[in-house]
1. Can you find, within segment A:90-112, the residue that is nearest to the other protein chains (Cβ to nearest Cβ) among those that are in a strand (DSSP E or B) and of a type in the set (D, E)?
2. Restricting attention to segment A:26-66, report how many residues are within 14 Å of chain B (Cβ to nearest Cβ), among the β-branched types (V, I, T) and either part of a helix (DSSP H, G or I) or surrounded by fewer than 16 Cβ atoms within 10 Å (Cβ to Cβ) (or both).
3. Every residue in segment B:61-116 that is touching a residue at least 12 places away in the same chain (Cβ under 8 Å), assigned to a helix (DSSP H, G or I) and among the aliphatic types (A, V, I, L, M), please.
4. So, B:R102, is that one among the basic types (K, R) and within 17 Å of B:V30 (Cα to Cα) or not?
5. Can you tell me how many residues in segment A:81-107 are farther than 23 Å from A:W29 by Cα and not aliphatic (A, V, I, L, M)?
6. Scan segment A:113-132 and tell me whether some residue there is within 11 Å of chain B (Cβ to nearest Cβ) and modelled with pLDDT under 85.
7. Among the residues of segment A:15-25, how many are surrounded by fewer than 19 Cβ atoms within 10 Å (Cβ to Cβ), in contact with a helix residue (DSSP H, G or I) (Cβ under 8 Å, 6 or more places away or on another chain) and assigned to a strand (DSSP E or B)?
Amino acid sequence: MTVTSIVKDPQALTLTLTADFDAPVEAVWQVWADPRKLERWWGPPTYPATVVDHDLRPGGRVAYVMTGPEGDRHGGWWRLVEVDAPTRLVFEDGFADEAGAPNPEMPTVEITVTLVARPDGGTTMTTLSRFPSLEALEQLAAMGMEEGMRLAAGQIDALL
Amino acid sequence: MVVCCLEAGHADRVFQALADATRRDILARVLRADVTVSGLARHYPVSFAAIQKHVAVLERAELVTKERRGRERLVRGNAEAIRRARRLLDELEVVWRDRVDRIEAVLADPDRGADR
């Protein structure tokens, strides 16, 4: 099992995931710090992401565009709050329009990533997502579900 | 696309209700266990009437309900809002679990991205 724990606090509106990887901390850091690696996992496979901006410094910005099966494009951005390579990353994650301009109508999520070396050479990664309000959570879940449904639809397409 | 939950007027009432530290504290208390209005009043250095007003604001925002029990009024947190949050967190859990699976695939084959 890679994911070792999930803690959901419905009052604080946080989701904390802990996962163990066999790779060392530096390698796990690279999946966040290397834009070519980041775009391989951030979005679902049916929505390949292209990272267009990647400035991993406090105050820096990451921008990405995901392209859907019908050629539909969806933008997103991070604003880096804390960067302490290779163990800690805090950023705000938000939605953008096709051109990459942040969409202020959509909620943002604060994500804190922590990487800790394990004695066996592996890495424990913790991601804490903090949602600003129940409404924001509803909006994001609606997007997430849509992502999930598109993913499922894509897999069915692949079978046909 | 966005499944929304609260109509605008209600959202305003919720934010207004939660803008006050005493009301947030009352809500946290009644979500843990039902408390009477006089029971609540004992916890705060303000009048019984002030607590009644705070509870009324929370009630208008549908964050709590009041129920008569004998001569007392029992205040109860709206667990439905919390249940909804829990369901939504379940959905987002799936998004993150999928991401972890994909990170694992990247770690197993770190250089594949280079020849795309």
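The values are calculated or read from the model by the stated rules, or taken from the named source; none is laboratory data. Not measured: the values here are computed from a predicted model. Here the Cβ positions follow ideal geometry from the backbone for every residue, glycine too, while neighbour counts run over all protein chains shown.
1. Of all residues in segment A:90-112, those in a strand (DSSP E or B) come to A:90-96, A:102, A:109-112.
Retained after the next criterion (residues that are of a type in the set (D, E)): A:92-93, A:110.
Values: A:E92: 16, A:D93: 12, A:E110: 14 Å.
Among those that are in a strand (DSSP E or B) and of a type in the set (D, E), it is A:D93.
2. 3
3. The answer is B:A79, B:A81, B:I82.
4. Details: among the basic types (K, R): yes; within 17 Å of B:V30 (Cα to Cα): no.
Considered against the rule, which asks whether it is among the basic types (K, R) and within 17 Å of B:V30 (Cα to Cα), B:R102 comes out as no.
5. So the first thing to find is which residues in segment A:81-107 are farther than 23 Å from A:W29 by Cα, and the list is A:95-107.
This time we only want the ones that are not aliphatic (A, V, I, L, M), so: A:95, A:97-98, A:100, A:102-105, A:107.
Here the count works out to 9.
6. No; the residues of segment A:113-132 include none that is within 11 Å of chain B (Cβ to nearest Cβ) and modelled with pLDDT under 85.
7. The qualifying residues number 0.
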